[in-house]
Amino acid sequence: MKKSFGLKFLLPFFLLSSCALLDDEDENILPGKRESVYEYEEKVILKANKRIKLEEPIIISGWSQQHQNLKNHLFHFKSKPILKMKKRIKLGDINLDKIQYITPPIISKNNIFYSDNDFNITSKNIDTGKLNWNIKLEFEKDENFSLVSGFFLDNKTLFFSTGLGNVYAVDAVEGKVKWLKKFGIQFSRPPVISKDKLFLVSDDNQLYAINKTNGELLWSHLGNIEELSIIGGSKPALDEGIIVVSYSSGEIFALDESNGSIVWFDNISTSNFFSKTNINDIQSPICIEKGKLFVPTFSNKLLTYDLKTGKKSWDVKLSSISPMVISGETIYVIDINGKLMSIDKVSGKLLWAVQLRSKKGDKEINWSGPLLSSYKLLVVSSEGTVLSLSPFTGKTLSKIKLKESFISGPIQVNENIYLISREGSLYILS
């Protein structure tokens, strides 16, 4: 039997009014309880040893899928120089308590789409907080299994899959189900759409390509079954006609998205570089950027490949379940021990590192992010800390301790930044 382990994601909660939250690169101290965000007294544990240059920030108009785009490439987004709390909207009971997991919501224009523990899929207007529509997942309710793997908004159709193995296409405006297909196999990763195909990865390591119009199966690919894995994970990454999928077995396949034929593949478990456990799962989003594939793993390696040939460029020792940010020649990532690192994209050399606080007494603190927004790295913690750091040095720019917990990272649409708490609140910084 396949065993699943719940991911611990992170998110924050806000009780602020209109005071500035994150300013420019001054050390502005914010209102709120002061507390060290570091495990000990050290802050930057490795100082920057190279001048870092970032690409100019870009305004994005939507977050219609997990990790914003088909490449899973979190780049440099643009926001206001000074961020203030705009509003708080109550979403409800959205955290799956048994596995500490929140299905990644998506935001398009002024609407948020999300799921809850009461088997509901909801669309809500962010500007007014009013309900657009709500649908009840009756099959999931009958089986008492509320896990929704994630969402993909394709024009006016919302696609999602569930832990029960059902795939839905819903009219995003009216909230009416267009079609439903039952696969009878658990999905815990968000779907992705390219052209006319909807791609889904099942928990037993199968990739399905189905027709997005009617749900008919077009082709499938099977990886090796792994006994140990972690619930959740990243959707596949796509670029240049290639879909790259990672399996919990440690396998990485680059496939022709038109027919599923293998372009190249690798298996990280064959390298015998991880001896702590038998988990070879790849939980961080595999990311495509300028013809290169970046693969952070749970198994103590960050690997880079040529997208078309599969040739390895470099690898470094790093275990992560967090998304990466890539801008210019620099990678930013948080490892499983709460260390925020800046890595040279070309060589894999560590540029700087900051150890974030990982424990409070006997209680573990988990960090989510980062998000790079207008020359600030934003991370949030399960203890309610929102932290802004310099992407050039790792220096803390501002921080605040809030009263709710964060188990997933910040997302951004236009110049607004959204934080979602485990307690079910949506905070908007603008």
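Laboratory data are not the source of any read-out in this text; all were calculated from the coordinates shown. Predicted, not measured: the structure shown is a model, and the values here were computed from it. Note that each Cβ is placed from the backbone with ideal geometry, even for glycine, and that neighbours are counted across all protein chains shown.
Taken over the C-alpha atoms, the range 344-397 has Rg and Dmax values of 12.6, 39 angstrom. Among Ser161, Ser430, Ser261, the ranking by other beta carbons within 10 Å of each residue's beta carbon, starting with the fewest, stands as Ser261, Ser430, Ser161. Restricting the range 102-132 to trypsin sites (Lys or Arg not before Pro) that sit in a DSSP loop and have at most 14 other Cβ atoms within 10 Å of their own Cβ leaves Lys109, Lys130. Our note on the geometry: Cα centres of the range 176-207 and the range 88-154, 17 Å apart. Once the gyration tensor of the Cα atoms in the range 277-409 is diagonalised, the equivalent ellipsoid follows with semi-axes of 26, 17, 12 Å, ordered largest first. Fully extending the segment from Lys176 to Lys363 would add 63.0 nm, taking 0.36 nm per residue of separation and subtracting the current Cα-Cα distance. Using R0 = 35 Å, the C-beta based FRET efficiency linking Leu46 and Lys312 works out to 0.90.
The simple Förster model, with R0 at 45 Å and r as the Cβ-Cβ distance, assigns Asn259 and Asn144 a FRET efficiency of 0.70. Just check the range 131-198 against the gyration tensor rule for me: Cα atoms, a ≥ b ≥ c as the square roots of the eigenvalues, rounded for a/c under 1.5, and otherwise prolate or oblate depending on whether a/b exceeds b/c. Judged from the Cα gyration tensor, the range 131-198 comes out oblate (a/c at least 1.5, b/c at or above a/b).
Rounded, prolate or oblate: which fits the range 138-240, taking a ≥ b ≥ c as square roots of the Cα gyration tensor eigenvalues, rounded meaning a/c under 1.5, else prolate when a/b beats b/c? It is oblate, given that a/c is not under 1.5 and a/b is not larger than b/c. Protection proxy ranking of 138-151, 68-81, 324-337, 209-222, by the mean of other Cβ atoms within 10 Å over each peptide's residues and highest first, is 324-337, 68-81, 138-151, 209-222. Using alpha carbons only, the radius of gyration of the range 350-430 set against its Kirkwood radius gives Rg/Rh = 0.96. The equivalent ellipsoid of the range 78-124 has semi-axes of 25, 13, 10 Å, largest first, where each one is the square root of 5 times an eigenvalue of the Cα gyration tensor. For the range 39-140, the alpha-carbon radius of gyration amounts to 1.46 times the rule-of-thumb value 2.2 N^0.38 Å expected for a compact globular protein.
Once you have a ≥ b ≥ c as the square roots of the Cα gyration tensor eigenvalues for the range 183-270, tell me rounded if a/c is under 1.5, and otherwise prolate or oblate according to whether a/b is larger than b/c. It is oblate, given that a/c is not under 1.5 and a/b is not larger than b/c. Multiplying the residue separation of Ser347 and Trp219 by 0.36 nm and removing their Cα-Cα distance gives an extension gain of 42.3 nm.
Pairs over the 24 Å Cα-Cα cut-off, from the set Lys84/Lys395; Lys156/Lys235; Lys195/Lys345; Lys78/Lys290: Lys195/Lys345. Pairwise Cα separations in the range 55-204 fall into 10 Å bins from 0 onward with the following percentages, short to long: 10, 40, 35, 13, 2.
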